[in-house]
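First up is the structure itself, then whatever we jot down about it.
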Amino acid sequence: ADVAYLRSVLPSTTEDAFFDYLATLDASEVTVSAMPEGSTVFARVPFLQVKGPLLVVQLLETTLLCLVNYASLVATNAARFRLLAGPDMKLMEIGLRRAQGPDGALSASKYSYLGGFDYTSNVLAGKLYGIPVRGTIAHSFIMSFTSLEEVHPRELPPLAGGEPVDLPALAELWLQRVCELLQTPPEKANRGELAAFVSYAIAFPRDFQGLLDTYCVRRSGLPDFCAVALALHQLGYQAIGVRLDSGDLAQQSKEIRQVLRACGAHFQVPWFETALIAVSNDISEQSLEEFSREGSEIDMIGIGTNLVTCPLQPSLGCVYKLVEVNGSPCLKLTEDEEKMTIPGTKTIYRLYDPAGHPFMDLMALEEEPAPSVGQELTVRVLGWLGEASKVMPTTVEPLHRTYFRDGQVCEPLPSLLEVRSHAQASLSLLSPVHRRLCEPHPYPV
């Protein structure tokens, strides 16, 4: 079918022998060597090397670049968010609605996880890739309720067993006590919001998490959440926490933590003080910097648009260039020095200093002897004018491994979780001066 289609679009003068040849093509003569997935890669370092018949490897160009460019871009963007957030902050990818179509959305969920995110709201990505899924109540769910009379069913049995309890009525009692403690009028708390919280808590008593800003955080969302969470506690259940989706997130998180601590102390519910506070709302790198600068009580951050669409750099310019044919090195000369290629089949080494940080990636021709630990090397750094310099590594790591040969995968491929762990380990090895996002020191190649 593919050959028939090509016959219909190529010039009518194309020889039949060409189509006969196309029908015989396969990948059995192709060898692919690459850096392990999730490795830190630097500019001008070839991380994928393809060898085989010229026509076959040329046909692979667009496919490989398509598979690599967006994946690397999103994983890198996710890694930047992880570096800014620190190792302890929980990060949730929530970009499905803003991604470039369903394929882009699934790729974004997968490679955000690879880059260091903890969860996704994309349930299909959870099913296909095993990524942990998380989410909260929607504003539309809360707005669909108007009163406690709409809650059905109304009863919830205690966790330890026993007679079911009318949870709407119990939540109403707790709301009075919470509002008295917080010195806020009970009538200001929206009863439709309370009904939505109660209905959700009956359905998911072990996983209750309130979205606070549908109406008013201080006068309604927070008292309603505390009332339902305390009612659940009375029945033996523990709520997860809250989510904010608008306003000054850092400041609100501190105010909410004060209320949770006050309720926990007053009603003698210790876990209340550490209930999770999650935030969302067009979070960017600048947002994370502001959270760090101002201080916050945020435990989890949901990031969507600025993660999956990569507005700081909407595309990644990985290229696929011929460097050797029939044993002869090839060099592309161009007016743009950045687009000139480095000829010859190469082997890549990462050189480490005594502190265990990589300090240079070394490109050598495939036939050159490998560098040795403690051996002084004479190198020329790409993009740095001047004479050659000398370096002496304490550790030498060959970066390329052969993954595909003779039509077969020849090395076990890691799971997504293993790739994610490798990516974080790879980034953690970088020296802080190379890892920082603001004015990092150039990494020499």
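The values are calculated or read from the model by the stated rules, or taken from the named source; none is laboratory data. Bear in mind that the values here come from a model prediction, so they are computed numbers and not experimental data. Side chains included, ligands, DNA and RNA excluded: accessible areas come from the protein's heavy atoms. Shrake-Rupley method; radii C 1.70, N 1.55, O 1.52, S 1.80 Å.
Share of antiparallel DSSP beta bridges in the range 77-309, in percent to the nearest 5? Kindly include the intermediate steps, with their values, before the conclusion.
On the way: 2 of 18 bridges.
If we restrict to bridges inside the range 77-309, about 10 percent are antiparallel.
If you look for lysine pairs in the range 77-309 that are eight or more places apart or on different chains, how many of them have Cα atoms under 24 Å apart?
Numbers: K90/K110; K90/K127; K90/K254; K110/K127; K188/K254.
Step by step, the pairs that qualify in the range 77-309 add up to 5.
Got a number for carbon plus sulfur as a percent of the range 42-98's accessible area, 1.4 Å probe? Could you put the intermediate results ahead of the total?
Values: 1850 of 3000 Å².
After summing per-atom areas, the C and S share lands at 62 percent.
With just the Cα atoms defining each centre, how far is the range 91-167 from the range 187-259? Give it in Å.
Using only Cα atoms to place each centre, the spacing works out to 16 Å.
Let me understand the range 80-212 better: what is its radius of gyration from the alpha carbons, and its Dmax, in angstrom?
My reading of the Cα-based Rg and Dmax gives 19.0, 51 Å.
From Cα coordinates alone, what are the radius of gyration and Dmax values for the chain in angstrom?
28.6, 88
Quick one: P(r) of the range 77-309 from all Cα-Cα pairs, 5 Å bins, percents rounded to integers, in order of increasing distance.
1, 7, 14, 17, 18, 15, 13, 9, 5, 1, 0
Using the Karplus curve 6.51 cos²θ - 1.76 cosθ + 1.60 with θ = phi - 60°, work out ³J(HN,Hα) for each residue of the range 30-45 in order, rounded to whole Hz, and write x for Gly and Pro.
Using θ = phi - 60°, the values come out as 9, 10, 10, 10, 8, 6, x, 4, x, 6, 6, 10, 10, 4, 6, 8 Hz.
Counting only DSSP beta bridges with both residues in the chain, what percent are antiparallel, rounded to the nearest 5? Don't skip to the answer; put the middle values down first.
Numbers: 27 of 43 bridges.
Given both bridge residues lie in the chain, the antiparallel proportion sits at roughly 65 percent.
With springs only between Cα atoms under 10 Å, which of L351, L377, L230 fluctuates most in a Gaussian network model of the chain?
L377
Aspartates and glutamates within cross-link reach of K346: Cα-Cα under 16 Å, excluding same-chain residues under 8 positions apart?
Cross-link targets: E324, D361, E366, E367, E368, E397.
Take the alpha-carbon centre of the range 279-353, take the same for the range 51-71, and report the distance between them in whole Å.
A separation of 19 Å, based on Cα centres.
By how many degrees, 0 to 90 and rounded to 10, does the Cα axis of helix 222-234 deviate from the longest principal axis of the chain?
Helix 222-234 sits at roughly 80 degrees to that axis.
Mean-square fluctuation check for the chain, GNM, Cα pairs under 10 Å: which of D224, D166, D20 is largest?
For the chain, modelled as a Gaussian network with Cα springs under 10 Å, the answer is D20.
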